[in-house]
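See below for the structure under consideration.
The values are calculated or read from the model by the stated rules, or taken from the named source; none is laboratory data. Quick caveat, the model's predicted, so the values are computed rather than measured. Note: ideal-geometry Cβ built from the backbone for every residue, glycine included; neighbour counts use all protein chains shown. These area figures cover heavy atoms from the full protein model, side chains too; ligands, DNA and RNA do not enter into them. Shrake-Rupley method; radii C 1.70, N 1.55, O 1.52, S 1.80 Å.
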Amino acid sequence: MSISIPRGTQDILPGEVEKWQLIEAKARELCEKYQYQEIRTPIFESTELFSRGVGDSTDIVQKEMYTFEDRGKRSITLRPEGTAAVVRSFVEKKMFGYANQPVKLYYMGPMFRYERPQAGRFRQFVQFGVEALGSNDPAIDAEVISLAMNLYKEMGLRKLKLIINSLGDKESRVAHRDALVNHFKPRIGEFCHDCQNRLEKNPLRILDCKQDRDHELMESAPSILEFLNDFSKAYFEKLQQYLTQLDIPFEVDANLVRGLDYYNHTAFEIMSNAEGFGAITTLCGGGRYNGLAEEIGGPETPGIGFALSIERFIAALNAEGIELETDQGIDCYLAALGEEAKDYTVGLLQQLRMAGISAERDYLDRKFKAQFKAADRLKAKYVAVLGEDELKNKKINLKNMATGDQVEIELDSFVHYFQGLKGE
Ligand code: HAM
């Protein structure tokens, strides 16, 4: 019996993978401009990192983690997100001591959540994320948001909506929390079992409940924005001022709470409003997480970041009908006839490639015509023909596939000649 791919995962095959590479390259290019440096952390971590960091009462920790005991009887979890791991590393590697502050990092790699698979929701997905640690300036919140927006825009997306909210500082959240408890408590019996638990543990999570989202008490729930103290209000206003200054349109949505516990002050999501995008429209989510470093055992450190998945990025490109230029074709196909000529191309191919030219030859002992067909399939810009006669005369025939023009070139200077062509 054949074995099939696990549910909620996918193979990214040639033809599709080039889109991923373009997005990844653009993300790296932007990070270079914005001065974020790459960090690579392990794919698995101690389970405790996520239960403490992401939060015990979140869906991620409660229901979605791939957790197992390793042979040393440690509880290990495949990372469901990147922030907790980056902050763990920041604390462990004492990056708070670096001369350059804030520490600005980015990452790209697979994350794992045991969710119900559907369009845009995978069990293994790739996140690109950034984290800026060590600054409390709302200008860096605006920078992080603009990086995400620019990445989407530079890949051609237009139908984007940015929503922002403030979850305030600790004092504001405590006041809001009390108001939420008072609001839901009298009728908590009408809510799901999870929400009944959330009431005392973390009432904010009730607002994020997928099951009870249509309950009438949801809409009338007290908004965090009414409970922001002066500091939090001023912080949020400054962020809005910077976004306006950067020409980034946004909407404030007081119901945006995000699904992870570490957030305070800024929370944001970027959605696609392309028609036909499907039910899950969030492309990117992020926010501020002052206090997370302390939670993990480090010094008090402010932080802000976002993560987006490449899967949803590509879905948004598809929904907007954006075709990325992926198949560029190769520079040169070496077509050879006769044993000696074929042998010769082994070395010539190597020389071309080492000279920075993408090149291919036949490996199936195909006839001449079939080699030209193969060259066509590879979208070769040039086909170089080497037959027995050419080899004897130390010449090679080069055909420009776009114009049909042919020239004969000295075999010894062919690589040099081709480099010149490429440089034109
Ligand atoms: P998150 O909202 O859980 O936040 O995920 C961020 C993004 O990851 C989502 O907007 C979505 O694009 C993608 N994503 C999440 N789950 C899936 C899935 N099952 N399939 C495909 N894509 C998915 C975080 O992970 C935070 N660590 C973001 C952050 C960084 N906050 C501060 N810094």
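Checking 210, 161 one by one, the residue that is out of contact with any Leu (no Cβ under 8 Å at 6 or more places or on another chain) and closer than 16 Å to residue 257 by Cβ is 210 and no other. Counting only residues that are modelled with pLDDT under 95 and among the acidic types (Asp, Glu), which one in the range 49-64 is nearest to residue 116 (Cα to Cα)? Result: 59.
Would you pick out the residues in the range 379-396 that are over 24 Å from residue 328 (Cβ atoms) and either surrounded by fewer than 17 Cβ atoms within 10 Å (Cβ to Cβ) or without any contact (Cβ under 8 Å) to a residue 24 or more places away in the chain (or both)? Let's see the steps before the verdict.
Filtering the range 379-396 for residues over 24 Å from residue 328 (Cβ atoms) gives 386-395.
Those that are over 24 Å from residue 328 (Cβ atoms) and either surrounded by fewer than 17 Cβ atoms within 10 Å (Cβ to Cβ) or without any contact (Cβ under 8 Å) to a residue 24 or more places away in the chain (or both): 388, 389, 392, 393, 394, 395.
Taking the range 58-96 as the search range and keeping residues that are within 15 Å of the ligand (Cβ to nearest atom) and of a type in the set (Gly, Ala, Ser), which one is surrounded by the fewest Cβ atoms within 10 Å (Cβ to Cβ)?
So the first thing to find is which residues in the range 58-96 are within 15 Å of the ligand (Cβ to nearest atom), and the list is 58-66, 77-90.
Remaining after also requiring of a type in the set (Gly, Ala, Ser): 82, 84-85, 89.
Numbers: 82: 23, 84: 25, 85: 26, 89: 19.
Here the answer is 89.
Taken over the range 400-419, the criterion of being within 38 Å of the chain's Cα centre (by Cα) and without any contact (Cβ under 8 Å) to a residue 40 or more places away in the chain is satisfied by 401, 402.
For the range 39-57, filtered to residues that are in a helix (DSSP H, G or I) and of a type outside the set (Ser, Thr, Tyr), the residue that is farthest from the ligand (Cβ to nearest atom) is 48. Of the residues examined, residue 197 is not one that is touching a residue at least 12 places away in the same chain (Cβ under 8 Å), closer than 24 Å to residue 271 by Cβ, open to solvent by 40 Å² or more (accessible area, probe 1.4 Å) and more than 16 Å from the ligand (Cβ to nearest atom). When we screen 39, 23, 43 for residues that are touching a Ser or Thr at 6+ places or on another chain (Cβ under 8 Å), among the β-branched types (Val, Ile, Thr) and modelled with pLDDT of 95 or more, the only hit is 39. Of the residues making up the range 150-169, those that are open to solvent by less than 10 Å² (accessible area, probe 1.4 Å) and not in a helix (DSSP H, G or I) are 157, 162, 164, 165, 166, 167, 168.
What do you reckon, is residue 236 away from the ligand (no atom under 15 Å from the Cβ), closer than 17 Å to residue 167 by Cβ and surrounded by 19 or more Cβ atoms within 10 Å (Cβ to Cβ)? Yes; evaluated as a whole, the condition is true for this residue.
Would you confirm whether or not the range 119-134 contains a residue that is within 15 Å of the ligand (Cβ to nearest atom), farther than 18 Å from residue 19 by Cβ and surrounded by fewer than 18 Cβ atoms within 10 Å (Cβ to Cβ)? Before you say what the answer is, go through the steps one by one.
Going residue by residue through the range 119-134, those that are within 15 Å of the ligand (Cβ to nearest atom) are 119-134.
Add one more test, that the residue is farther than 18 Å from residue 19 by Cβ, and what stays is 121, 123, 129-134.
Keeping just the survivors that are surrounded by fewer than 18 Cβ atoms within 10 Å (Cβ to Cβ) gives 121.
Within the range 119-134, one or more residues are within 15 Å of the ligand (Cβ to nearest atom), farther than 18 Å from residue 19 by Cβ and surrounded by fewer than 18 Cβ atoms within 10 Å (Cβ to Cβ).
When residue 279 is tested against the conditions (1) closer than 27 Å to residue 25 by Cβ; (2) of a type in the set (A, V, I, L, M); (3) at pLDDT below 95, the lone failure is (1). Going by the conditions given, is residue 205 over 30 Å from residue 147 (Cα atoms), among the charged types (D, E, K, R) and either out of contact with any His (no Cβ under 8 Å at 6 or more places or on another chain) or without any contact (Cβ under 8 Å) to a residue 40 or more places away in the chain (or both)? Answer is no for this residue. Selection over the range 16-41 of residues that are in contact with a helix residue (DSSP H, G or I) (Cβ under 9 Å, 6 or more places away or on another chain) and on the phi > 0 side of the Ramachandran plot gives a count of 0.
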